[in-house]
Every structure is written in C-alpha cells, then in structure tokens.
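Comments concern the structure below.
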Amino acid sequence: AQSVSQHNHHVILSEAASLELGCNYSYGGTVNLFWYVQYPGQHLQLLLKYFSGDPLVKGIKGFEAEFIKSKFSFNLRKPSVQWSDTAEYLCAVTTGFQKLVFGTGTRLLVSP
Amino acid sequence: GAGVSQSPSNKVTEKGKDVELRCDPISGHTALYWYRQSLGQGLEFLIYFQGNSAPDKSGLPSDRFSAERTGGSVSTLTIQRTQQEDSAVYLCASSLSGQFYEQYFGPGTRLTVT
C-alpha cells in the first residue's frame with residue numbers, strides 16, 4: 001500500500017527565513033501529489049498540486065514544490081516565510097484511486 | 001458558493017452510545033469522502049462515495065462504523081457502540097468526479113468519547 005512520509009514534525013523559523021519541508025512517498029506507479037495547509041482555526045485547504053507536466057509547481061502564497069520522480073519526493077519550498085505562514089502542512093498522494101493518503105504533517109511556527 | 005459543511009462541530013458522547021455525523025458537500029460534487037484524524041496520527045481515509053454508492057469502504061476500522069449517502073448529496077457517518085479510541089476529528093471532503101479534481105474539506109466534527 002502507498003504511504004507518505006514527512007520527516008519534519010515541527011519546524012520553527014524566523015520571519016524571512018527560507019522553508020523546505022520534506023515529503024516522500026512509496027508507490028512505484030503514477031501518482032498525483034498534493035500539499036494541503038491548515039491555518040489555525042481554519043479548514044484544510046489546498047496549497048498546490050501536481051498531476052503531470054512541469055515537475056516544479058507553484059501554489060498560493062508564494063509556495064512551490066518540486067516533484068523528483070527518482071527520489072519519490074515532493075518537497076515544499078518558500079524562499080521567505082511570514083508570520084502568517086504558521087500552520088500545519090500536510091503532504092498527500094493519490095494513485096489513480098480516489099482516496100488521499102496523507103503524511104503525518106509538519107507544524108510550522110514562524111516567529112516575528 | 002458555500003463550502004462543505006459538517007454538523008455537529010463538536011460531539012461529546014458516553015462510551016457505548018451511537019453517534020451520527022453529518023456532511024453537506026458542495027453542490028454538484030458527486031464524490032464525497034470521509035477521513036479522520038486521531039491524536040498523534042495523520043489523516044486517515046475511511047470511505048469514498050461516488051453518487052450514492054460506496055466503491056471504497058476500505059478505511060472503515062470496524063463494523064461499528066457505517067456511512068450512507070442519499071440523493072447524491074448529504075452523507076451520514078454512524079458509529080455504533082462508541083469506544084474511547086473513536087475519539088478524533090472526523091473530516092468530510094467533496095470533489096467533482098475523477099482523480100484530477102481537488103478535494104474540498106469541511107471544518108470537521110470533533111468527537112470525544114468519555
């Protein structure tokens with residue numbers, strides 16, 4: 001069965017620092033990849049997604065992610081974080097079936 | 001338009017009681033999903049509906065859990081004889097049909113079994 005690993009459970013950064021959150025999946029076939037974000041007190045919402053084409057995808061609020069097939073990775077990046085980026089970030093994958101398989105999430109705290 | 005809504009937002013119940021959780025998907029979304037997030041664990045899939053049928057129930061943890069969807073819209077997740085390990089946040093999501101459509105999540109129902 002497919003699985004998703006997020007190795008950073010808690011990340012603390014200062015404003016303007018660069019961010020990279022790791023995400024690795026285990027599945028040998030075609031995958032669709034997602035990053036979701038949950039801001040404090042809000043619903044889970046989509047940050048960005050990859051289905052095919054350019055492996056570097058851009059999402060909302062200046063986030064981007066790169067799909068590296070050979071490494072089974074889909075790391076999330078942002079060059080300069082803001083206090084408002086404090087949230088939980090979840091990586092997820094689908095494999096042609098409908099259900100999302102999520103990683104355990106990374107809690108990001110950005111200090112002003 | 002309106003997003004996915006869930007009710008109740010919080011539910012406290014005694015062990016052994018039955019509970020029903022409701023999900024109203026976005027209008028026009030034929031696919032509906034239930035997930036749950038237990039303390040210290042990631043979001044885990046429970047069941048997927050396409051229309052009123054459930055082609056994937058593989059995530060339901062026991063036969064105490066059941067779900068139905070009527071009219072291709074509202075869905076109810078029922079947990080019978082609740083146990084303390086059922087305490088979690090239950091999330092509902094909906095999407096257009098097909099694997100290339102994003103899932104939109106509701107606010108969740110926080111279930112506490114005492």
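The values are calculated or read from the model by the stated rules, or taken from the named source; none is laboratory data. These numbers were taken from a predicted model, which means no experiment stands behind them. No Cβ is skipped: glycine too gets one built from the backbone with ideal geometry, and neighbour counts run over all protein chains shown. Surface areas here come from the heavy atoms of the whole protein model, side chains and all, with no ligands, DNA or RNA. Shrake-Rupley method; radii C 1.70, N 1.55, O 1.52, S 1.80 Å.
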Could you give every pair whose Cβ atoms fall below 8 Å, whose first residue belongs to segment A:22-36 and is closer than 18 Å to B:G98 by Cα, and whose second residue is among the charged types (D, E, K, R), counting only separations of at least 6 or pairs across chains?
-> A:N32/A:K49; A:L33/A:K49; A:F34/A:K49; A:F34/B:E102
Taking the stated definitions as given, is B:E44 under 16 Å from A:V101 (Cα atoms) and surrounded by fewer than 22 Cβ atoms within 10 Å (Cβ to Cβ)?
-> yes
Working only within segment B:11-23, note down all residues that are away from chain A (no Cβ under 14 Å) and either open to solvent by less than 60 Å² (accessible area, probe 1.4 Å) or within 14 Å of B:G108 (Cβ to Cβ) (or both).
-> B:K11, B:T13, B:G16, B:V19, B:L21, B:R22
What are the residues in segment B:76-114 that are open to solvent by 30 Å² or more (accessible area, probe 1.4 Å), within 14 Å of chain A (Cβ to nearest Cβ) and assigned to a strand (DSSP E or B), if any?
-> B:Y104, B:R110
From B:S7, B:S73, grab the single residue that is open to solvent by 30 Å² or more (accessible area, probe 1.4 Å), of a type in the set (G, A, S) and farther than 17 Å from B:S95 by Cβ.
-> B:S7
In segment A:85-96, how many residues are in a loop (DSSP other than H, G, I, E, B), at pLDDT below 95 and either within 10 Å of the chain's Cα centre (by Cα) or more than 7 Å from every other protein chain (Cβ to nearest Cβ) (or both)?
-> 1
Within the set of pairs 6+ apart or on separate chains, which have a first residue in segment B:43-70 that is among the polar types (S, T, N, Q), a second that is at pLDDT 95 or above and open to solvent by 20 Å² or more (accessible area, probe 1.4 Å), and C-beta atoms under 7 Å apart?
-> B:S66/B:T78
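One line per residue, one yes/no per condition, for (1) over 26 Å from B:Y35 (Cα atoms); (2) of a type outside the set (V, I, T); (3) open to solvent by 50 Å² or more (accessible area, probe 1.4 Å):
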| residue | (1), (2), (3) |
| --- | --- |
| A:Q2 | no, yes, no |
| A:I12 | yes, no, yes |
| A:C23 | no, yes, no |
| A:H43 | no, yes, yes |
| A:P55 | yes, yes, yes |
| A:G59 | no, yes, no |
| A:W83 | yes, yes, yes |
| A:Y89 | no, yes, no |
| A:S111 | yes, yes, no |
Test B:P61 against the stated conditions and say whether it is touching a Gly at 6+ places or on another chain (Cβ under 9 Å), open to solvent by 50 Å² or more (accessible area, probe 1.4 Å) and not in a strand (DSSP E or B).
-> no
